[in-house]
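Just so it is clear, none of the values below were taken in a lab; they were calculated from the coordinates. These numbers come from a predicted model, not from an experiment. No Cβ is skipped: glycine too gets one built from the backbone with ideal geometry, and neighbour counts run over all protein chains shown.
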Amino acid sequence: MIQLHQLEGFFRVAQAGNYARAARTFPYPITQPGVHAQVRKLEAELGVKLFEQIAKDHMVPTRAGQQLLAFCAPFFEGLPAVVERVRHGSGAGRLRLEAGPLELQELIPAWVRRVRARHPEIEIELRQIESPDPGRLVRDDVDIIVEHQLELPPGIDSRIIGTHHSFLVLPAAHRLAQRKNPRPIELAAEPLVAFHTGLPQRELQLAGLRSLGVEPPSTLGAPSVASILSFVAAGLGYSLVPWPNPRGPRQRGVRVVRLHGPQTRFPISASWRKRREPDPVLEAALRLAPAPS
């Protein structure tokens, strides 16, 4: 089996051109025969010669050696910088963030812009989700989930970073669209454009309508707020939609009315797994998280 110290010996000989010079480049004491033994064991493991002597005190990699050097050189050349960053707690690394469609559209871009400006060394990976799964945090499949989250399992921490405000949306051509404050109860006999069955947002939507005394006679299921707004603009019904700022959505052909009262504001949380050891990438991102509006 190939050992890392054998690869290091091979790499240093390839860089130095002979065993004596290579021995002097090691960060720990090693003799010229020791380096020679490393390379010979590696050659025996691979069954090929890795160096060709072209002068009394100079050797170069063979064709096989060139292939091996192309593979291992980036590792050994980059290792000192990585060690330095790890030793001093650098925030370099990958941040995996999952969020709902509205959060990705309205909240995440400004957050990512702040993180990239302050920490360009952090690589950010974004993924859109239909509903939050805290189990992915527990399994370390993701670092942060951003969504409206009712319950979190033990070991998960969270912070409110925004608010979903509730809006009544109806077609701009609707008979009530010109009213200053049309109410959902006045639309009770009309079809509702709702989130489709299976989405947790649907139950919040229907519960909000029931609290206003509305039980829609029929519904049209849609997968997102964007599609709901499109269907409303097409005159297919009215809806209640969340939006993560108090101005509400802007869509041609739709009248938007902000609702007030119970069950019209829902917190947006960023959640993450509690760490026993500090995570500089996670901590750097959370320091720049949005404040609730």
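Take the alpha carbon atoms of region 233-293, find their center, do the same for region 65-144, and report the distance between the two centers in whole angstrom.
Each part reduced to its Cα centre gives a spacing of 23 Å.
Tell me, what HN-Hα J-couplings in whole Hz come from the Karplus equation 6.51 cos²θ - 1.76 cosθ + 1.60 at θ = phi - 60° for each residue of region 178-191, using x for Gly and Pro?
8, 5, 5, 9, x, 10, x, 4, 6, 10, 4, 8, 9, x
Among PRO80, PRO223, PRO184, whose Cα projects farthest towards the positive end of the dipole of the chain, with charges put on the beta-carbon of Lys, Arg (+1) and Asp, Glu (-1)?
PRO184
What are the GluC sites (Glu not before Pro) within region 140-201 that DSSP puts in a loop, where the Cβ has at most 11 other Cβ atoms within 10 Å?
GLU151
Going by amide H atoms built from the backbone, whose H comes under 5 Å of the H on GLN149, apart from near neighbours?
Correct list: SER269.
Would you mind telling me which residue in ASP143, ASP157, ASP57 has the biggest mean-square fluctuation in a Gaussian network model of the chain, where springs connect alpha carbons within a distance under 10 angstrom?
Looking only at ASP143, ASP157, ASP57, the largest GNM fluctuation is found for ASP57.
I want the local charge near LEU102. Using Cβ-Cβ distances under 14 Å, sum +1 for each Lys or Arg and -1 for each Asp or Glu among the other residues.
-3
Taking the simple approach of a point 7 Å from Cα along Cα-to-Cβ for both SER218 and ARG118, what is their distance in nm?
5.2
Length gain on complete extension for the stretch GLN67 to ILE160, per 0.36 nm per residue less the alpha carbon to alpha carbon distance?
Value of the extension gain: 28.3 nm.
Above 23 Å lies some portion of the pair distances; for region 174-280, what is it as a whole percent of all C-alpha pairs?
The answer is 30 percent, as a whole percent.
If you fit an axis through the alpha-carbon atoms of helix 32-46 and take the longest principal axis of the Cα set of the chain, what angle between them do you get, 0 to 90°, nearest 10?
Compared with the principal axis, the helix lies near 60 degrees.
Of the residues LEU187, LEU97, LEU50, which exhibits the maximal mean-square fluctuation in a Gaussian network model of the chain defined by a 10 Å Cα contact cut-off?
Comparing LEU187, LEU97, LEU50 in a Gaussian network model of the chain, the most mobile one is LEU50.
Considering amide H positions built from the backbone, and no H for Pro or chain starts, which residues 5 or more places from ILE124, or on another chain, come under 5 Å of its amide H?
The list, which skips near neighbours in sequence, is LEU95.
Using helices alone, what [θ] at 222 nm do you get for the chain, with -39,500 (n - 2.57) per DSSP H run of 4 or more residues, divided over all residues and rounded to the nearest 500?
Helix-only estimate at 222 nm: -11500 deg cm²/dmol.
How large is the dipole of the chain about the Cα centre if only Lys and Arg carry +1 and Asp and Glu carry -1, each at its Cβ, rounded to the nearest 20 debye?
Taking the Cα centre of the chain as origin, the dipole is about 820 debye.
Could you give the length gained by full extension between GLU130 and GLU283, i.e. 0.36 nm per residue of separation minus their alpha carbon distance, to one decimal place?
Full extension from GLU130 to GLU283 adds 52.5 nm.
LEU220's amide H: which non-local residues (gap 5+, or another chain) put their own amide H closer than 5 Å, with H modeled 1.01 Å from N in plane and none for Pro or chain starts?
LEU192, VAL193, ALA194
Tabulate in residue order the Karplus-calculated ³J(HN,Hα) for region 13-25, using 6.51 cos²θ - 1.76 cosθ + 1.60 with θ = phi - 60°, rounded to whole Hz; enter x for Gly and Pro.
So the J values, rounded to whole Hz, are 5, 4, 6, 8, x, 7, 6, 5, 5, 4, 4, 6, 8.
No solvent, one uniform scatterer per C-alpha: report log10 I(q)/I(0) for region 1-76 via the Debye equation at q = 0.23, 0.26, 0.27 1/Å, two decimals.
Log-scaled intensity ratios, in q order: -1.07, -1.38, -1.48.
For the residues MET1, MET59, what sequence is obtained by ranking on other C-beta atoms within 10 Å, fewest first?
Placing the least packed residue first, the sequence is MET1, MET59.
With θ set to phi - 60°, apply the Karplus curve 6.51 cos²θ - 1.76 cosθ + 1.60 along region 118-130 and write out the HN-Hα couplings as whole Hz, x wherever there is a Gly or Pro.
7, 9, x, 6, 7, 8, 10, 10, 10, 9, 8, 10, 7
How high is the FRET efficiency from LEU150 to SER227, r the C-beta distance, R0 25 Å, rounded to 0.05?
So the FRET efficiency works out to roughly 0.55.
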